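No value in this document is a laboratory result; all are computed from the given coordinates. Since we're looking at a predicted model, the values are computed, not measured. Quick reminder, even Gly has a Cβ in these numbers, built from the backbone with ideal geometry, and neighbours come from all protein chains shown.
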Amino acid sequence: MNILGFLSAAILLTLMPGPDILFVITQSITRGKKAGIIFACGLCTGLIAHTAAVSLGLSLILYNSPVAFSVLKYMGAAYLIYLGVKSYIHRKENSLALPSAIGVEYKLYRKGILMNILNPKVLLFFIAFFPQFVSPATENPAGELLILGLLFMAQGIVIFSLVALLADRLSRRLMQNARFSLIMHIIESLVYFAIGISLIFVTV
C-alpha cells in the first residue's frame, strides 16, 4: 500500500476547486470559521459511508445498478436544490456567528454528512481512485481500502479546517458590509443550485 503517494495525491485533489471546498469556503465566509469547520467535519464524516461501501464491495453493486444509482443521484440533487432555495430565502442575514439556538451546530454537521453521502460523484471517485494504491499482492484489500478511506478523511478535515480559518480571516471585514454579505449569500445559494443541477446529469 503506497501511503505516501496516496496522501500526496489526496491532498492535491482536496485542494483543487470542487464542490466540497466551495461549500466550506462559502460557509466560512457567510457564517464564520466555526461554521466552516463544523461543516467540513460533516463532509468528512460522510466519507465513512463511501469508504465502507468501497471496502465491502457495496459500491460496485450501486455502480452496476442504474435504478439504485439514479435514486441516489436524484436524492442528492433534490437535497442540494432545497438547500439553495433555503439559502436564498435567508440571503439577507448578515451574521458571522452561528445562532445560539439549540441544535444549530448539529444541523450544520448533519447537512455536511448528507451532502456527501448523497453525492454519487464521491462514490465514483472512490471507486476509481482508491484501488490504484492497494497492493496487488495484498490478502486483505478491504482492510487497505478502509485505511485509505480513513487517511483521506483525516487529511480532508485538516485541509478544510485550514481553508475555513483562512476564508474567515480574509472575509471578516468585508462581511460587515451589508451589500457584500447579500452578494455572498446569493453566491452560496447559486453554488447549491449549480452543483445540485449538475448531479442530475451524472452518469456511470
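Results, tabulated for the structure shown:
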read-out: For the chain: span of alpha carbons on each principal axis (Å, largest first); value: 59, 37, 30
read-out: GNM flexibility winner over the chain from Thr30, Thr45, Thr138 (Cα, springs under 10 Å); value: Thr138
read-out: Label-to-label distance, nm, for residues given as Asn2 and Ala128 (7 Å Cα→Cβ offset); value: 1.8
read-out: Exposure rule at most 11 other beta-carbon atoms within 10 Å, DSSP loop trypsin sites (Lys or Arg not before Pro): the chain longest free segment; value: 1-91
read-out: The chain: Lys pairs at Cα distance under 27 angstrom, eight or more positions apart or on different chains; value: 21
read-out: Loop GluC sites (Glu not before Pro), region 128-204 (other Cβ atoms within 10 Å of the site Cβ: 16 or fewer; DSSP); value: Glu139
read-out: Residue of Met115, Met16, Met184 that the Gaussian network model of the chain assigns the largest fluctuation, springs spanning Cα pairs under 10 Å; value: Met16
read-out: Computed label-point distance, nm, for sites Arg179 and Met75 using a 7 Å Cα→Cβ extension; value: 4.4
read-out: Fully extended contour minus Cα-Cα distance, from Lys107 to Ala52, at 0.36 nm per residue; value: 17.5 nm
